[in-house]
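Every read-out reported here was derived from the displayed coordinates using simple, explicitly stated rules and does not represent laboratory data. The shown structure was predicted, so the numbers you read here are calculated from the model rather than taken from an experiment. As a convention, Cβ positions derive from the backbone with ideal geometry for all residues, glycine included, and neighbour counts pool all protein chains shown.
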Amino acid sequence: MTREMTGAKMVIQALKDQGVDTVFGYPGGAVLPIYDEIFLQNDIQHILVRHEQGAVHAAEGYARSTGKPGVALVTSGPGATNAVTGLTDALLDSIPIIVLTGQVPSFMIGSDAFQEADTVGITRPCTKHNWLVKDTDDLPGVLHEAFHVATSGRPGPVLIDIPKDVQFATGNYNGPKPSASHYQPPVKGDIETITELVAAIEKAERPVFYTGGGVINSGPAASQLLRELVDSTGFPVTSTLMGLGAYPASGKHWLGMLGMHGLYEANMAMHGCDLMINIGARFDDRITGVLSSFSPNSTKAHIDIDPSSINKVVRVDIPIVGDVAHVLEDILKIWKSRGRKTNAEAVVSWNRQVDEWRKVDCLKFAEDKEIIKPQYALQRLEALTKKYDRYVTTEVGQHQMWAAQFLGFEDPNRWMTSGGLGTMGYGFPASIGVQMAHPDSLVINVAGEASWLMNMQEMGTATQYKLPVKQFILNNERLGMVRQWQELLHGSRYSQSWSESLPDFVKLAEAFGAKGIICSDPADLDDAIMEMIEHDGPVIFDCLVTKHENCFPMIPSGKAHNEMLLGEADTEGAIQAGGAVLV
Amino acid sequence: MSALHIKKGSTRHSAYNLRPTFSDVQERHTIAVLVENEPGVLARVIGLFAGRGYNIESLTVAEVDHTGHLSRITIVTKGTPQVIEQIKAQLGRIVTVHDVHDLTVEGATVERELAIFKVSGEGDKRVEALRLADIFRANVVDSTLSSFVFEITGAPDKIDAFADLMRPLGLVEVARTGVAALLRGD
């Protein structure tokens, strides 16, 4: 049904028609007509962030924890440029978000008007797609197409730039028409190739599933099908940082995370396997280590919805382009119809080998009675919060890797972290987005003090909306991961990797009207964590931990999966000149 | 539209029918990209090449379907087979790209480029330039007592050869359109 309305009203109407209930944003001159429409309605809740980067990360957290697209609304110029980091983050982690930016009136574009920036130009390389709408009649189509593009195929961020005169002008509004778009990425994989994979599954002696964020993006059905496939074949399964929770951490075949700070058993299985089944992961450099020695003796299968992921960095033998859930369904169907065969005897002895690797107990660390070890803090956090309806976000650095190692996720969409871009400052605003989507759940942001300070202004948002997000800060007064690399690569010359004037986090919390907790004694930790959980409101938890603790296992730059450093004893001369140039 | 009647390309299925992709040999490929003619579409394509470090040897673009607002971009690029496959897959990922055709692998192609040469000189050189232009079937489109402007069409090699011959005869300036290409046959 066509209705006449202003462009600003179309924005709100389209959001409603797309099922949006929450928008994260920050007003400004070029979006005032849209903010006026927000004022005049009650269906969509607007969350006022304190910085546009926070709006985009919050939308990412919302999206990642619900499987629905997140929406952010910001003004022109600086509003749009502040959104760039969030857009790039969402692009690299394939998170569906829609960012709406105001623009100067169309007749002023190109005149260097106040708060004018070439937003579509700036964001072209950091969005899946973007639009500048110059005619109000085009706006509804673009709005609906934006949701379609963001959520179809490989998901990603999209941006719509709307000049102020387009918001004021009236035009004809139409509801969503899903078939209208030419953009229809195929979801079904090629059956012949899938059959080839099934044949490889039947024969494999040392198979491993290597799963990634694509399983989460594909939806809950994909995780269910993965569990069925893993459990019925008995093959071990590891996951990237982005894929944690697709297979439960308590599952029998779970190897833990793989990669640079992945578990020994996971990396060794990847190195020694004869069949690697990559499901929705992308052979990222954090995963593969040095490519020339990456899993040298395996047949590699790769399931990915994005054809450009196939053979991008690692040559694969069995490429399958399609949506994870659709492809897994076909794999299971064909595998069952052929009699559910595996090379059971070989797989049993392979699993025995995996158990040997497990015995290395690669996450063990030296306990300390005086000072809280960061690993211990996360062990206790895991033990005390496991039974809750829990969502975890993180910032970026050592704490993020320890969280991935020590926290166990039983379900998808429970773990929100910045994987591809590695954005310090992601976790706090993301936790706000998650809490908005799940108001009654326990939402914890595992943070380092340095990352957390990058978007600490969002304390204002958390207190304004009474969002009980728990900011669990592992405070080592250092940029821990930078410091670790400086120790290993730059002769322990700690150039600029610590802060001389950290705030008193308890007072900081109180200044924002929230609760602050400080804990420095391992004996007090459990009580302090319980106090954090039980407090009905936002909490900053300042957990003072060991200052110089390295994160292990670690595959040093330029090394292979089977050359992990397992502890301090291994670090002497571990990284050679060739590895030092890598990041 | 006959201009759009090209065989379905391998892009959407580029993971299949793979040629040996991990060789170091640099190959030159002519790629035809059918895009929605919307503002910024050329920037998306060029930005992709710049951002990912791919080569552009030549590029032509024009709307070929006025009712459907489709433009055809013809890109000549160079890279290892793996890079060429990546280029095609990355192009296919752009939302406003409808189709990508690697004309170099899809079959024999007709490739044509138009160039305009300004050659100035007097006496024997002038006569020789005109004689060679005739051999190359270049047309004189402007003439003064001391200069010619030649128009020539042909495959890029032919235009290169013509340029080499004109250089000692007083070549002043060249403008080339870049390659337009179609598959041969139906």
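Starting with the highest mean, order A:401-411, A:112-122, A:63-73, A:369-379 by the number of other Cβ atoms within 10 Å, averaged over the residues of each peptide. Walk me through the numbers before you get to the answer.
Values: A:401-411: 21.5, A:112-122: 16.9, A:63-73: 25.9, A:369-379: 19.0.
Top of the packing list down: A:63-73, A:401-411, A:369-379, A:112-122.
If a spin label sat at a point 7 angstrom from the Cα of B:Val172 along the line to its beta carbon, the backbone N atoms of region B:123-166 nearer than 13 Å would be those of B:142-150.
Dipole magnitude for chain A: computed about the Cα centre from +1 point charges on Lys and Arg Cβ and -1 point charges on Asp and Glu Cβ, it is near 1060 debye.
Evaluate chain B: find the radius of gyration of its Cα atoms, find its Kirkwood radius, and give the ratio Rg to Rh. Checking Rg against Rh, the ratio lands at 1.05. Footprinting exposure proxy ranking of A:Tyr247, A:Tyr26, A:Tyr62, fewest other C-beta atoms within 10 angstrom first, gives A:Tyr26, A:Tyr247, A:Tyr62.
Farthest towards the positive end of the charge dipole of chain B, among the residues B:Ile84, B:Thr67, B:Val172, is the Cα of B:Ile84, using unit charges on the Cβ of Lys, Arg, Asp and Glu.
Dividing the Cα convex hull volume of the protein assembly as shown by residue count, how many Å³ per residue is that?
Values: hull volume 149.9 nm³, N = 769.
Given the Cα convex hull of the protein assembly as shown, per-residue volume reads 195 Å³.
Considering only region A:191-358, what is the antiparallel percent among its DSSP beta bridges, to the nearest 5?
Close to 0 percent.
Measuring max minus min along each principal axis, the C-alpha atoms of region B:110-183 give extents of 43, 17, 16 Å (largest first). Just to be sure I understand the model, the point goes 7 Å from the Cα along the line to the Cβ. What's the resulting A:Asp389 to A:Gln464 distance in nm? For A:Asp389 paired with A:Gln464, the spin-label model returns 2.7 nm. Pull out a ≥ b ≥ c, the square roots of the eigenvalues of the alpha-carbon gyration tensor of region A:354-395, then state rounded if a/c is under 1.5, prolate if not and a/b is larger than b/c, and oblate in the remaining case. Oblate is the answer for region A:354-395, as a/c is 1.5 or above yet b/c matches or exceeds a/b. Over chain B, with a Gaussian network built from C-alpha contacts below 10 Å, which listed residue (B:His69, B:His29, B:His101) shows the highest mean-square fluctuation? Ranking B:His69, B:His29, B:His101 by mean-square fluctuation puts B:His69 first. Note on B:Ser23 and A:Lys203: with the Förster distance fixed at 25 Å, the Cβ-Cβ geometry gives a FRET efficiency of about 0.30. Given their separation in residues at 0.36 nm each and the Cα-Cα distance between them, A:Arg352 and A:Arg340 gain 2.2 nm when the chain is fully extended. Our coupling estimate for region B:176-186, obtained by passing each phi through the Karplus curve with A = 6.51, B = -1.76, C = 1.60 and θ = phi - 60°, is 10, 8, x, 8, 10, 9, 9, 6, 6, x, 10 Hz, Gly and Pro reported as x. Shown for B:Val64, B:Val141, A:Val198: other C-beta atoms within 10 Å of each C-beta, ranked fewest to most, produce the order B:Val141, B:Val64, A:Val198. The three principal axes of the Cα atoms in region A:374-544 give end-to-end lengths of 48, 36, 35 Å, sorted in falling order. Could you tell me which residue out of B:Ile152, A:Ile98, A:Ala514 lies farthest along the dipole of the protein assembly as shown toward its positive end? Charges go on the beta carbon: Lys and Arg +1, Asp and Glu -1, centred on the Cα centre. Of the listed residues, the answer is B:Ile152.
Out of B:Ser147, B:Ser120, B:Ser23, any idea which swings most in a Gaussian network model of chain B, alpha carbons joined below 10 Å? Of B:Ser147, B:Ser120, B:Ser23, the Gaussian network model singles out B:Ser23 as fluctuating most.
Overall, region A:374-544 carries a charge dipole of about 420 debye about its Cα centre when +1 sits on the Cβ of Lys and Arg and -1 on the Cβ of Asp and Glu, all other atoms neutral.
Pop the C-beta distance of A:Lys252 and A:Phe39 into the FRET formula with R0 = 56 Å and round what comes out to the nearest 0.05. Once rounded, the FRET efficiency stands at 0.55. Placing +1 on the Cβ of each Lys and Arg and -1 on the Cβ of each Asp and Glu in region A:191-358, which of A:Ala281, A:Val198, A:Val230 has its Cα farthest towards the positive end of the resulting dipole? Result: A:Val230. Which residues among region A:38-62 fall inside the zone where the amide N is under 16 Å from a point 7 Å beyond the Cα of A:Leu32, along Cα→Cβ? Residues passing the 16 Å test: A:38-40. Counting neighbouring beta carbons within 10 Å and listing from fewest to most, the residues B:Arg131, A:Arg414 come out as B:Arg131, A:Arg414.
Once the Cβ-Cβ distance of B:Asp186 and B:Leu145 is raised to the sixth power relative to R0 = 51 Å, the FRET efficiency obtained is 0.55. State, as an integer percentage, the relative contact order of chain A based on alpha-carbon contacts under 8 Å between residues 6 or more apart. Here the relative contact order equals 14 percent. Summarising the label geometry, the points placed 7 Å from Cα in the beta-carbon direction at A:Lys134 and A:Glu572 lie 6.9 nm from one another.
Under a model in which nothing but the beta-carbon of Lys, Arg (+1) and Asp, Glu (-1) is charged, chain B shows a dipole of about 380 debye around its Cα centre. Taking every Cα-Cα distance in region A:191-358 and sorting them into 10 Å bins starting at zero, the pair-distance distribution P(r) comes out as 11, 45, 38, 5 percent. Here the spin labels are modelled as points 7 Å beyond Cα on the Cα-Cβ line, and at A:Ile191 and A:Ser492 they lie 6.5 nm apart. Can you bin region B:26-115 into rounded, prolate or oblate? Criterion: square roots of the alpha carbon gyration tensor eigenvalues sorted a ≥ b ≥ c, rounded for a/c under 1.5, prolate for a/b above b/c, oblate for the rest. It is oblate, given that a/c is not under 1.5 and a/b is not larger than b/c.
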